[in-house]
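Participant: Got a structure here, written out as structure tokens. Questions coming.
The values are calculated or read from the model by the stated rules, or taken from the named source; none is laboratory data. Here the structure is a predicted model, which means the values were calculated and not measured. Here the Cβ positions follow ideal geometry from the backbone for every residue, glycine too, while neighbour counts run over all protein chains shown.
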Amino acid sequence: MKNKFRLLVVVSALVLASLACQALQPTAAPFATAPVVFPSQTPAQSTLPGAENSVAVVNAPAASEQELLVSLYERVIPGIVSIQVATSSGGSQGTGFVFDKQGHIVTNEHVVEGQTAMQVSFTSGFKSYATLVGVDKDSDIAVIKVDAPESELVPLTLGDSYQLKVGQKVIAIGNPFGLSGTMTTGIVSALGRTLPSNREISGGGGFFSAGDLIQTDAAINPGNSGGPLFNLNGEVIGINRAIRTVSSTASGEPVNSGIGFAIAINIAKRVVPEIIKNGKYDYPYMGISSIDDLGIEEIKALGLSQFTGAYVTNVVPGGPAAKAGVRAGTKDVGLGPNLLGGGDLIIAMDGVPIKNFDELLRYLINYKSPGDTLVLTVLRDGQQMDISITLDKRP
């Protein structure tokens, strides 16, 4: 039986996915990836500068969908830009959007990776060179800055990705295959997805995990990377990042298959201001590996009393979880060396029920910071217990 591994420290399960930026000379290679009930309050970082200058938001039910889409496009397109990146090996193209009146542009880290020069093109025809402010490889977010007249800088309104529901209509606008200002529509297909981040774990142990990704069937293709994903109110609720595909063009570029991923905007609300202020963002770190989606026979062999939760398979020596006494499996129960019995099953965090690793990571990265205390509720040998962990930052 196949296991779906969800690792907070070491990623071992792989899915085919491709970053949605377009290579101008070498074709962008696909990368291998691994791939609730949340408190009603949003993080303190959700209030952002520039909101007073951002585009207006309309009430979705007030107009027909067609009128809404036309109006939405006309209102937000001035705040969406095309980014051309020169690198030592050629170049690439992606999308970005205006964050504030100071000229900060948000895009993907993989769009600007290895940049030696960057040019930003506005829909008005204005062009500007850009400088790199900082990146966050964990979320695949980058901030660049342009020197542009205030009239060219139209910050987009940021929404609340916690309020999204599966089935909700969404709109992507970007520059797929260099076709600037392209609009596509779809729905929210799923919430809280997890993929590997772009940052490797030191020592060659794989990649850290990026969580709280929005899955959508809105067409996302090479060149869409870094562009906004909107709700019907014209609010940015995600940043388009990658697609999952098994198809490619004759030139090797990945082709949309109806499964795209966008970074939830509430992650950006935490990350972007810190990049602007400090050039980086530190993620909370527990120091565990876990597995979920166990089969019935595996659950029986492990002696677990429920189907949901994140089962701890490894605890990093000296890490926050190890110091707090979190326990990994150590007993051979006939499931192989990677799935040993006797480990803790995490079922809640700070009292919030956790059904799987995706929900664990979503809660951790949205509500916690390095230095915070996190209370894990675990099942150990059939008994429920709470464990307090003082979180660190990802090493």
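Participant: For region 284-338, what are the residues that are over 24 Å from Tyr363 (Cα atoms) and among the charged types (D, E, K, R)?
Facilitator: The initial filter retains those residues of region 284-338 that are over 24 Å from Tyr363 (Cα atoms), namely 295-303, 330-338.
Glu297, Glu298, Lys300, Lys331, Asp332 - these are the residues of region 284-338 that are over 24 Å from Tyr363 (Cα atoms) and among the charged types (D, E, K, R).
Participant: Given the residues Ile105, Ile83, Ile77, which is the only one that is surrounded by fewer than 20 Cβ atoms within 10 Å (Cβ to Cβ) and under 29 Å from Thr185 (Cβ atoms)?
Facilitator: Details: Ile105 fails: surrounded by fewer than 20 Cβ atoms within 10 Å (Cβ to Cβ); Ile83 fails: surrounded by fewer than 20 Cβ atoms within 10 Å (Cβ to Cβ).
Checking each option against the conditions leaves just Ile77.
Participant: If you check every pair at least six apart or on different chains, which have Cβ atoms under 6 Å apart with a residue in region 346-362 that is small (Gly, Ala, Ser) first and a residue that is surrounded by 18 or more Cβ atoms within 10 Å (Cβ to Cβ) second?
Facilitator: Ala348/Ile354; Ala348/Thr377
Participant: Can we say Gly134 is in contact with a helix residue (DSSP H, G or I) (Cβ under 7 Å, 6 or more places away or on another chain) and small (Gly, Ala, Ser)? Can you show your working first?
Facilitator: Details: in contact with a helix residue (DSSP H, G or I) (Cβ under 7 Å, 6 or more places away or on another chain): yes; small (Gly, Ala, Ser): yes.
Considered against the rule, which asks whether it is in contact with a helix residue (DSSP H, G or I) (Cβ under 7 Å, 6 or more places away or on another chain) and small (Gly, Ala, Ser), Gly134 comes out as yes.
Participant: Across region 284-299, what is the total count of residues that are surrounded by fewer than 24 Cβ atoms within 10 Å (Cβ to Cβ) and either on the phi < 0 side of the Ramachandran plot or within 13 Å of the chain's Cα centre (by Cα) (or both)?
Facilitator: Pass one, region 284-299, residues surrounded by fewer than 24 Cβ atoms within 10 Å (Cβ to Cβ): 284-285, 287, 292-299.
Right, trim to either on the phi < 0 side of the Ramachandran plot or within 13 Å of the chain's Cα centre (by Cα) (or both) and you get 284-285, 292, 294-299.
The number of residues fulfilling the criteria is 9.
Participant: Can you tell me how many residues within region 285-301 are touching a Lys or Arg at 6+ places or on another chain (Cβ under 8 Å) and among the hydroxyl-bearing types (Ser, Thr, Tyr)? Don't jump to the end; show me each part of the working.
Facilitator: Taking region 285-301 as the starting set, the residues that turn out to be touching a Lys or Arg at 6+ places or on another chain (Cβ under 8 Å) are 285, 290-293.
Among the residues that remain, those that are also among the hydroxyl-bearing types (Ser, Thr, Tyr) are: 285, 290.
Matching residues across region 285-301 total 2.
Participant: Which pairs do you get when a residue that is in the same structural domain as Leu72 (by TED's automatic domain parsing), found in region 160-173, comes within reach of a residue that is modelled with pLDDT of 95 or more and charged (D, E, K, R), reach meaning Cβ atoms under 8 angstrom, with the pair 6+ apart or on two chains?
Facilitator: Asp160/Glu235
Participant: Right, here's the next one. Can you tell me which residues in region 139-148 are assigned to a loop (DSSP other than H, G, I, E, B) and surrounded by 24 or more Cβ atoms within 10 Å (Cβ to Cβ)?
Facilitator: The initial filter retains those residues of region 139-148 that are assigned to a loop (DSSP other than H, G, I, E, B), namely 139-140, 147-148.
Within region 139-148, Ser139, Asp140 meet the criteria.
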